[in-house]
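Have a look at the structure below, then the notes.
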Amino acid sequence: MAIGGSSRRNDDGDVRFSRTLTVALFILTVILIAFDRPQSRPPVLAAIRSTVTDLSAPLLDLAAAPVRGISNIGPYWRHQARLADENAELRRRLDETRYWRDLAMQLRDQLELYEQALNVDTPATSARVGAWTLGDTDGPFVQSRLIGAGARRGVEDGDPVLNVYGMIGRVVETGEVSSRVLMLTDLNSRIPVMADRSNARAVLIGDNSPFPRLEFLARDADLEDGDRIVTSGDDGGMPRGLPIGLAQRDRQGRWRVRLFSDQAPIDFVWVFPYEPVGAPEIPLPSIPEENEVGPEAAGSAGEEESQTVEAGQ
């Protein structure tokens, strides 16, 4: 005989709860849900909830550690394989870089010997001036930068400015301690360039896009995708051979340049003071004026006058 309000067991062995207990548990659940809100949660219930969470969190974390360890075995070894491949690629690039470094030093020594033998006076571009760039929101140009170097350090208008990868622009305004650099992508930028492979000439024109255009190319210009573009020095305002970028065609078939300088943020730059080669000065011959008479001419004129007087007598 079952006691009222307690659980009872049927003939099949299942445990059944009384209706009173079920209703009470349901009401308690509704009350807990109703009071389990940040706005209406009692302080006592919030304290109990925080205590239970603090006690159960370490146990749950300890119980989940083996599961996490097993699930991370696959990603860990895949990550190790990627690191091994990346390490091998970096070693290969390091060996290649060492080769090019040795070759560059060898060519530098040969160039110095040739210059000494031929007595060649090359432009002094090695005395570069380092400077940090500053953001410039105002000014007459859309895309320009301010740098912390000016006339006191030898910077002049027209000097090329480069970062570690390539040319970014040229100096257009010079102060005592700062200068303004016009970027190659600005609408007002015009730089004579050429292809390093074929010497095909062009003018690099900025249009406020990340990829400046190549204009004034000859119809039969030998230019291909991926050709290295450098300064040509045809305007006499900057040296020849400064790296700029790679040639590529856009969707409209126009030639553009992917700048080398975009490979890294433009924070620190170098200014290369360059003295352009001027035209030779040819001295003009001096022409004597009509009323200017030398001493010899004056003596001969006096003799002719005396002979005329004697003939008349």
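What follows draws every value from the coordinates through simple rules; no lab data is involved. Everything quoted here is computed from the prediction, not taken from an experiment. Glycine also receives a Cβ, built like all others from the backbone with ideal geometry; neighbour counts cover every protein chain displayed.
Looking at region 127-194, the GluC sites (Glu not before Pro) that sit in a DSSP loop and have at most 12 other Cβ atoms within 10 Å of their own Cβ are E176. The simple Förster model, with R0 at 35 Å and r as the Cβ-Cβ distance, assigns Q80 and Y165 a FRET efficiency of 0.65.
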